[in-house]
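Here, each number is a calculation from the coordinates, and none is a lab measurement. Model, not experiment: these values are computed from the prediction. Cβ atoms come from the backbone with ideal geometry, glycine included; neighbour counts cover every protein chain shown.
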Amino acid sequence: MKTIKIAIQKSGRLNEKSVELLKNCGLNFENYKSSLISKVTNFPLEILFLRDDDIPEYVQDGIADLGIVGENVIAETKVSTHTLQKLGFGKCTLKIAVKKDELISDIAELENKTIATSYPIILQDYLDKNNIKANIRTISGSVEIGPGLGLSDAICDIVSTGATLKSNGLVPFADVLSSEAVLITKNTNESSHLIEELLQRIQSVLRAKNTKYVVLNTHQGNLEKIVDLLPGVKSPTIVPLHEPGWLAVHSVIQESDFWPKINSLRKAGAEGIVVMPIEKIIL
């Protein structure tokens, strides 16, 4: 039987979430720290553990059928791949930051400044789009110390919480690129049934992660208002209760508007609301 390969980060901020996602898809494998390959025992899949910078090229060259990598890495490597699915984790923003005592109020003031970064290609594209000529100093790590050491006037780096910038006396100044982890494949219209099946599993996990299962009781007179608030996957399930005139309503709620929806349901006459996590939603 044909086996497909997926490349994920060997270590770093995307490794743990990538492994968690694949295991939530029902895949059994060992997360080896000392090996580059792990075989899935219950699905024809091999997992390649690579440096994140190598993942897009492995997918482009067909060595790996799929990859999980940050959009920032794809933009920096400029390889030809196709995004199958945004994964909702590893979210961050590539920002330009300056020392907090710098009086810069417009990106045009970056003209002729020196900017330290690990993302020279993305930064150059950003500067070109804004008609700014600046000096780019490429640094492989610890970019945030550049201004303090006099290596640069500003930096361009990945920011998640902003704590590292603050600890180095820097403040974010301009957003260059928003990024999150994505599932990629080779830039082709061809796709195997195994890729389609794995994608379906991943999408079912992502749908479940963003929703909650809700069961509530309500009087029949309130049913129309309740149903208007609960579209469900297709439509709510209505079950009569033993007590005459009362119904149990089963449905799902999006995590993004969970509490406003719950409050609206209570005002509409919902009682005994029970909320449960969902493992998977398959359409």
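Assorted remarks:
- In a DSSP loop and with at most 14 other Cβ atoms within 10 Å, the trypsin sites (Lys or Arg not before Pro) in the stretch 126-178 are 133.
- Ordering of 174-183, 21-30 by packing is 174-183, 21-30, highest average first (other Cβ atoms within 10 Å, averaged per residue).
- For the pair the stretch 231-283 / the stretch 28-71, the C-alpha centres are spaced 39 Å from each other.
- Per residue, the chain reaches -7000 deg cm²/dmol at 222 nm when only DSSP H runs of four or more residues are counted, each adding -39500 (n - 2.57).
- Sparsely packed trypsin sites (Lys or Arg not before Pro) within the stretch 27-69, loop by DSSP, other Cβ within 10 Å at most 10: 33
- Measuring max minus min along each principal axis, the C-alpha atoms of the stretch 211-277 give extents of 34, 20, 19 Å (largest first).
- Calculated SAXS-style log₁₀ I(q)/I(0) at q = 0.09, 0.13 Å⁻¹ - the chain, Debye, Cα scatterers: -0.62, -0.95
- Pair-distance profile P(r), taking every C-alpha pair of the stretch 9-75, with 10 angstrom steps and integer %: 21, 56, 22, 1
- Three principal axis extents of the stretch 178-255 based on alpha-carbon atoms, in descending order, are 58, 31, 16 Å.
- Packing, as the average of other Cβ atoms within 10 Å across residues, places the peptides 197-204, 152-159, 262-269, 235-242 in the order 152-159, 197-204, 262-269, 235-242, highest first.
- Largest first and in whole Å, the equivalent-ellipsoid semi-axes of the stretch 92-179 read 17, 14, 13, each the square root of five times a Cα gyration tensor eigenvalue.
- The stretch 1-35 residues near the modelled residue 255 label - backbone nitrogen below 19 Å, point 7 Å along Cα→Cβ: 13-27
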